[in-house]
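Every number in this text was worked out from the coordinates using simple rules, so none of it is lab data. Please read these numbers as outputs of a predicted model, since none were measured by experiment. Here the Cβ is made from the backbone with ideal geometry for all residues, glycine too, and neighbour counts use every protein chain on show.
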Amino acid sequence: MKRYLLTSTLLLGFVIAARADTSWPNAALSSTQMNDVNRIMATIENRADKFETEFRKALRSSTVPISEREKYRRWVDQVEDELDNMAEDYHENDVREAQKHLAQAMDAARNLNHFMLNTKWSPEAESLWKSIRDDLNTLAGYHKAPPEILIISTR
């Protein structure tokens, strides 16, 4: 069973990596878009760190089954880690690599978004998530991501 799970996880990682390489068009951004990206990246990392703290605190006192909690923590960690990687890539002016990290952040964020929309959270956690989700969608739009990549924002 462990071998099956490991193989499935590796295959999913390859599919996500391949999707990040092939389904997104040109990585070039205009100077106006790069200015906006820099503004977004200056705030989104801080919000993601705060969200991670708020989410973990709320998850500990939630009614979410303990067996499910690790999955949600992983998604939050992945979003936060990918945002850190994106910020570094943008800082190094490596837009193509930033785009790959954005695609991976969007995959984890879509899963997490469904959970956030269907569970009651603190006003601060919900507000932070909404800002992160909106910023991720804005970044994906600048990178001309396919529509299925975007994170749905309604309940």
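Put +1 on the Cβ of each Lys and Arg and -1 on the Cβ of each Asp and Glu in region 33-149; which of 136, 53, 119 then has its Cα farthest toward the positive end of the dipole?
Comparing the listed Cα positions along the dipole, 119 ranks first.
Which ³J(HN,Hα) values, rounded to whole Hz and listed in residue order, are derived for region 144-150 from phi using the Karplus coefficients 6.51, -1.76 and 1.60 in 6.51 cos²θ - 1.76 cosθ + 1.60 with θ = phi - 60°, glycine and proline given as x?
6, 5, x, x, 5, 6, 5
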